[in-house]
Structure formats: C-alpha cells, structure tokens
Amino acid sequence: MQPKYSFIIPIYNEEETLLELYRRVSAIADRMDDLVEIILINDGSQDQSLKIIREFHQQDQRVCYLSFARNFGHQIAVTAGLNFVRGQVIVVLDADLQDPPELIPDMVEKWRQGYQVVYAQRIKRRKESWFKRFTAYSFYRILKYLAEVDIPTDTGDFCLMDRQVVDVLNSMPECNRYIRGLRSWVGFQQTAIRFERDSRFAGEVKYTFGKSLGLAVNSLVSFSKVPLRLSTYIGLLSAALALFMSVLVLYWRLTEPDSPLTGFATIAMAIFFLGSVQLISIGILGEYIGRIYEEVKGRPLYTLAEVGGFDSHLKFYKNQR
Ligand code: UDP
Ligand code: MG
C-alpha cells in the first residue's frame, strides 16, 4: 500500500490542538483522490502529545509517527518527516492550525498544473503581537536582500513539494537546516499560494524569541556571506576614519598645540572604536566557524525513541550517515 499524498506535521507540546488538528486534517485526507499518510513527528514533547498521537495511530492506519528522544527543533522535525515520507506529493504544515489544512486541495491543484513546489505566502497575520509581526516583517526583508538564493518573503514552512524535490532535500547532508532556504535553493518550478494566517488554535507559541532568533541567524549564515564581508567593510571604514583622525590630530598639534582634543579623549575613542570593530568581526567569524564545526562533526540530525507505522523504513534510519 503506497500512499500518494504525505502530510508532515511537527508537534511540540500541542496536546490542546491535536484533536482539532486530527479532525481537520483527516477531513481533508478523506477528500483526497488517493491514499494519504499523515506523519506526526513528536519533537520531544513533555505533555500528553505522544500519548494522543499513539491513539490516533491505533485508530487510523493512515497515521504514522516518529518520536524524538528529546526536543531537536522544528526544522529537524520536518527533516525527519521528509526522510520517512513515502508519498509522491508531500505537504508540510504546522500543528497549531495556523496553516489551514483546507488549503491543501488548492496546492494539489497547482501541483497538477506542473509545479513541484507550492509554498503558502501569508498576506496577513491574525492576532499576532506587533513585536512578532514587526520582527518577522523586517527579518524576511533583510534575508531577501542578503541571501544568495531568492527566498520569497512571508513564507513559512507550509508548502507542498513533489517527490523529486524531497529526494534532493534528503540528499543534502547539512545539519544546520533552514528548510525554506533549502527549498528555494533546489530550484524546480515554484509558485505561491496566498492566504491569511490564522491565529493559533490553542496553547502557547512554541517558537520562543530565542528559538526564532537562532533560526534567523542560522538562515542568514547559511544563505549569505554578506555578514563576513561586512566585517571587512567595517574594518576598511574604521581604517579610513583612523587615517582621517590622525590627520586631524596632526593639524591640531601644529595649529593649536594646547588643545585638549589632541590628548586622552581622542586616543580613548579610537581604542574603543577599533576594539569594538574587532570584536564584532571575530563574532561574525565565530558564527561561520561554529557552523563548520557542527557540519564536520557529522552527528545524526536526531535520535528516534519510538516509531509507529514505518517498519520497512527503520532500515533507512539505521543506514543514515
Ligand atoms: N515545533 C516543533 N519543535 C519546536 C518548536 C515548535 O516541532 O521546538 C512545532 C510546533 O508544534 C508547531 C510548529 O512547530 O507545529 C510551529 O511552532 P509555533 O506555532 O510555536 O511557531 P510559529 O507559528 O510562531 O512559527
Ligand atoms: Mg504557530
């Protein structure tokens, strides 16, 4: 029994939303023209999520699940789902129903027209704090400006991908995974489908500010060398400034030998300025070297504690890396 459609849903402490999620997603699955598998990935939840997922799996043979041994993060959870999918058409969506499953048939329609990637683009975010909206808005614009691949603005991980694309993503070994970026990087025929993003069905946001910031830094470092170059530019700028200041000091020394400006203050300012430029540059270097270190270690992306419904696939996981 080979499913044609695979839905991938990462889950971290979503006990309040799971029932409603299942209701809406399975309603869509019932309407599809072929077999569907629903892959739920438990990303080390501490609440009852795993128990509920197991029950879904027992009641409904379309539901398979992977359960991580700890919290590895949203991007890794999606990656695990992609590793295990069996369908031809793969849809990734959030568990909190901010990505309406009702959009899936429209996405499939685009796929039938020949697109291999159909990503959902938010035209509006309902009831999210102004801080989240503002940071997200500016982040996507900065990323678009700096990134070497064209990553569309205001798109999340909610998307449909063809098997071909998923095979390419699965063959990419990098462990700092920014899936939206990788998805743009692969190419193929891509198109957007626009939607208004609902607010969370229940529960708290699982992406804390720290996690979002981590993702933002990761995406910039993974897809842009501009920050590295930036430190060179700042260095050049400060060198020019230092040159200008020394000319100024020389001028003052000759014309106004008693001016206090030529003394301590000038020196202190120059030291602080250059010191901070160096520290910033070292920090930027550190970000990149840290990534290299992570990649070189070549650790597996996740550890599975439990799997339901993929017996033939366990082999794949064991052979990974
Ligand atoms: N999530 C996850 N691991 C995490 C954090 C979040 O699998 O460490 C899942 C979460 O359960 C949800 C999705 O990722 O299905 C998006 O999370 P959230 O709604 O908190 O983020 P936002 O909507 O702000 O992007
Ligand atoms: Mg959400």
**Request:** Taking residue 49 as meeting all but one of (1) free of Cβ contacts under 8 Å to residues at least 60 places away in the same chain; (2) under 25 Å from residue 216 (Cβ atoms); (3) within 16 Å of ligand 2 (Cβ to nearest atom), write down the number of the exception.
**Result:** (2)
**Request:** Working only within the range 91-108, note down all residues that are away from ligand 1 (no atom under 14 Å from the Cβ) and touching a strand residue (DSSP E or B) at 6+ places or on another chain (Cβ under 9 Å).
**Result:** 103, 104, 106, 107, 108
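If I ask for residues that are in a loop (DSSP other than H, G, I, E, B) and farther than 19 Å from residue 221 by Cβ, which ones from the range 194-207 would you list?
198, 199, 200, 201, 202, 203, 204, 205, 206
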**Item:** Every residue from the range 70-97 that is within 16 Å of ligand 2 (Cβ to nearest atom), small (Gly, Ala, Ser) and surrounded by fewer than 24 Cβ atoms within 10 Å (Cβ to Cβ)
**Value:** 73
**Message:** I want to confirm something. Restricting to the range 165-214 and keeping residues that are among the small types (Gly, Ala, Ser) and closer than 18 Å to residue 80 by Cα, which single residue is nearest to ligand 1 (Cβ to nearest atom)?
**Reply:** 181
**Message:** Checking residue 238 against (1) in contact with a helix residue (DSSP H, G or I) (Cβ under 9 Å, 6 or more places away or on another chain); (2) among the polar types (S, T, N, Q); (3) within 16 Å of ligand 1 (Cβ to nearest atom): exactly one of these is not met. Which one?
**Reply:** (3)
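Within the range 37-77, can you find the residues that are among the hydrophobic types (A, V, I, L, M, F, W, C), outside any loop (DSSP other than H, G, I, E, B) and within 21 Å of the chain's Cα centre (by Cα)? Full working, then the answer.
Narrowing the range 37-77 to residues among the hydrophobic types (A, V, I, L, M, F, W, C): 38-41, 50, 52-53, 56, 63-64, 66, 68-69, 72, 76-77.
Filter again for outside any loop (DSSP other than H, G, I, E, B), leaving 38-41, 50, 52-53, 56, 63-64, 66, 68, 76-77.
Of everything in the range 37-77, those that are among the hydrophobic types (A, V, I, L, M, F, W, C), outside any loop (DSSP other than H, G, I, E, B) and within 21 Å of the chain's Cα centre (by Cα) turn out to be 39, 40, 41, 66, 68, 76, 77.
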**Prompt:** Do any residues in the range 192-206 that are of a type in the set (Gly, Ala, Ser) have Cβ atoms under 6 Å from those of residues that are in a strand (DSSP E or B) and away from ligand 2 (no atom under 14 Å from the Cβ), where the two are at least six apart or on different chains, and which pairs are they?
**Reply:** 192/119; 192/121
**Request:** Taking only the range 21-54 into account, find how many residues are surrounded by 14 or more Cβ atoms within 10 Å (Cβ to Cβ) and of a type in the set (D, E, K, R).
**Result:** 5
**Fill in**
Selection from the range 202-235 of residues among the aromatic types (Phe, Trp, Tyr) and either within 30 Å of residue 49 (Cβ to Cβ) or touching a helix residue (DSSP H, G or I) at 6+ places or on another chain (Cβ under 7 Å) (or both) yields 207, 209, 223
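Looking for something within 26 Å of residue 113 (Cα to Cα), within 16 Å of ligand 2 (Cβ to nearest atom), under 18 Å from the mean Cα position of the chain (by Cα) and buried (at least 19 other Cβ atoms within 10 Å of the Cβ) - is there at least one such residue anywhere in the range 199-210?
Start the filter on the range 199-210 by keeping residues that are within 26 Å of residue 113 (Cα to Cα), which leaves none.
Scanning the range 199-210, I find no residue that is within 26 Å of residue 113 (Cα to Cα), within 16 Å of ligand 2 (Cβ to nearest atom), under 18 Å from the mean Cα position of the chain (by Cα) and buried (at least 19 other Cβ atoms within 10 Å of the Cβ), so the answer is no.
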**Message:** So, in the range 125-136, how many residues would count as being loosely packed, with under 12 Cβ neighbours inside 10 Å and either closer than 18 Å to residue 104 by Cα or not polar (S, T, N, Q) (or both)?
**Reply:** 5
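Every number here is computed from the coordinates shown, using simple stated rules; none is lab data. The shown structure was predicted, so the numbers you read here are calculated from the model rather than taken from an experiment. Glycine gets a Cβ as well: all are built from the backbone with ideal geometry, and neighbour counts include every protein chain shown.
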